[in-house]
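These notes are about the structure you will find just below.
The values are calculated or read from the model by the stated rules, or taken from the named source; none is laboratory data. Note that the structure is a prediction, hence the values are computed from the model and not measured. Virtual Cβ from ideal backbone geometry, glycine too; neighbours counted across all protein chains shown.
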Amino acid sequence: MKIDSSLSAVVTGGASGLGLATVKALRAAGASVAIFDLNPETGDKAAAETGAIFCQCDVLSDESVDAAFAKARAAQGQERVLVCCAGGGNAIPTARRDKTTGEIKMFPTDQFEWVLRLNTVGTFRCITRAAAGMMAQDPIDGERGVLINTASAAATEGQMGQAAYSAAKAAIVGMTLTIARDLSREGIRVNTIQPGIFDTPAMARATPEMKQALGAMVPFPRRMGSAEEYASMALEMVRNGYINGETVRLDGAIRMQPR
């Protein structure tokens, strides 16, 4: 699919990190972009910086997602591209023994469910809305749209404490081919990017020494990935019409260790 001024796109989690880099790349290529994000302060700032529009959106809510798509479409027409970057996680062992008291504590089920709802259900909620909208449009060069999801190396090599995050991201990987098959007759492609260790705002608390150590874990290049490299992959998935039903690792060949 050609990226130019005739293309409209939506990026969830678009106010920072991987999402913001993707917004910038799409805008540089000429596309109209709507930023879906929960935080109005960072969303407005990102929109002003990139020339995109900001639509406040909570991917945990049907009503919020519907309203965000309605606002985006009213401003720039039906999106032909959706890039889902919204997500997050926690770090809690499945069960652990307190080193001081010996008390045994379990992973709270509600916190496990929250991570799945944010990442997996939130992504799927946005996919269904975008796909339905794309289906109402005429094809362009044989296709109606492109959906791109974000998984993680944790989907296949989750580290200690990442049971919920690993499950959520593995579900995104697992549903990619199925959704691509569901939408194949409609000319809508579906792919997922599986990033390794990336230098994003999530790493803001890490010291330079910690970042260097994390980068040294990567076989080559021996550094963390950049958000711009994620964005480059997302745009290639849009442009290359034969990439469909794929989960592409973007990780410098790293395979995560237990901790």
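Output the residues belonging to the range 17-60 that are buried (at least 21 other Cβ atoms within 10 Å of the Cβ), in a loop (DSSP other than H, G, I, E, B) and of a type in the set (Gly, Ala, Ser).
Ala31, Ala52
Read through the list (1) under 26 Å from Gly17 (Cα atoms); (2) in contact with a helix residue (DSSP H, G or I) (Cβ under 6 Å, 6 or more places away or on another chain); (3) surrounded by fewer than 22 Cβ atoms within 10 Å (Cβ to Cβ), then give the number of the only condition that Ile148 fails.
That leaves (3) as the condition not met.
Could you figure out which of (1) out of contact with any strand residue (DSSP E or B) (no Cβ under 7 Å at 6 or more places or on another chain); (2) at pLDDT 95 or above; (3) in a loop (DSSP other than H, G, I, E, B) isn't true of Arg259?
The failed condition is (2).
Return the total of residues in the range 240-259 being surrounded by fewer than 12 Cβ atoms within 10 Å (Cβ to Cβ) and of a type in the set (Gly, Ala, Ser).
Result for the range 240-259: 1.
Restricting to the range 80-127, name every residue that is of a type outside the set (A, V, I, L, M, F, W, C), under 15 Å from the mean Cα position of the chain (by Cα) and either surrounded by 16 or more Cβ atoms within 10 Å (Cβ to Cβ) or farther than 17 Å from Gly161 by Cβ (or both).
Of everything in the range 80-127, those that are of a type outside the set (A, V, I, L, M, F, W, C), under 15 Å from the mean Cα position of the chain (by Cα) and either surrounded by 16 or more Cβ atoms within 10 Å (Cβ to Cβ) or farther than 17 Å from Gly161 by Cβ (or both) turn out to be Gly87, Gly89, Arg117, Asn119, Thr120, Gly122, Thr123, Arg125.
I need a count of the residues in the range 31-60 that are farther than 18 Å from Ala21 by Cα and touching a residue at least 24 places away in the same chain (Cβ under 8 Å).
Qualifying residue count for the region: 3.
Can you name the strands (runs of 3 or more DSSP E) wholly within the range 61-170 that have at least 1 residues being touching a residue at least 40 places away in the same chain (Cβ under 8 Å) and under 24 Å from Gly14 (Cα atoms)?
Output list reads 81-84, 145-150.
Is it the case that some residue within the range 183-194 is more than 21 Å from Thr128 (Cα to Cα) and of a type in the set (Lys, Arg)?
Checked the range 183-194: no residue is more than 21 Å from Thr128 (Cα to Cα) and of a type in the set (Lys, Arg).
Can you find, within the range 202-259, the residue that is farthest from Ser152 (Cα to Cα) among those that are within 20 Å of the chain's Cα centre (by Cα) and of a type in the set (S, T, N, Q)?
Once the filter is applied, the top-ranked residue is Asn240.
Going by the conditions given, is Arg205 out of contact with any Gly (no Cβ under 9 Å at 6 or more places or on another chain) and among the basic types (Lys, Arg)?
The answer is yes for Arg205.
Report the residue count in the range 38-66 for those that are of a type in the set (Gly, Ala, Ser) and more than 20 Å from the chain's Cα centre (by Cα).
Count: 2.
Go through (1) surrounded by fewer than 16 Cβ atoms within 10 Å (Cβ to Cβ); (2) under 29 Å from Gly158 (Cβ atoms); (3) in contact with an Asp or Glu (Cβ under 7 Å, 6 or more places away or on another chain) and name the single condition Met135 misses.
(2)
What pairs come out if I take residues in the range 183-202 that are at positive phi and pair them with residues that are crowded, with 20+ Cβ neighbours inside 10 Å whose C-beta lies under 6 Å away, six or more apart or interchain?
Listed by first residue and then by second, the contacts come to Gly187/Arg144.
Looking at the range 198-239, which of its residues are surrounded by fewer than 17 Cβ atoms within 10 Å (Cβ to Cβ) and of a type in the set (S, T, N, Q)?
Thr207, Gln212, Ser226, Ser232
Of the residues in the range 185-219, how many are modelled with pLDDT under 95, assigned to a loop (DSSP other than H, G, I, E, B) and of a type outside the set (Asp, Glu)?
Adding up the residues that qualify gives 9.
Before we move on, is Val11 closer than 13 Å to Cys126 by Cβ, part of a helix (DSSP H, G or I) and either in contact with a Lys or Arg (Cβ under 6 Å, 6 or more places away or on another chain) or β-branched (Val, Ile, Thr) (or both)?
In short, no.
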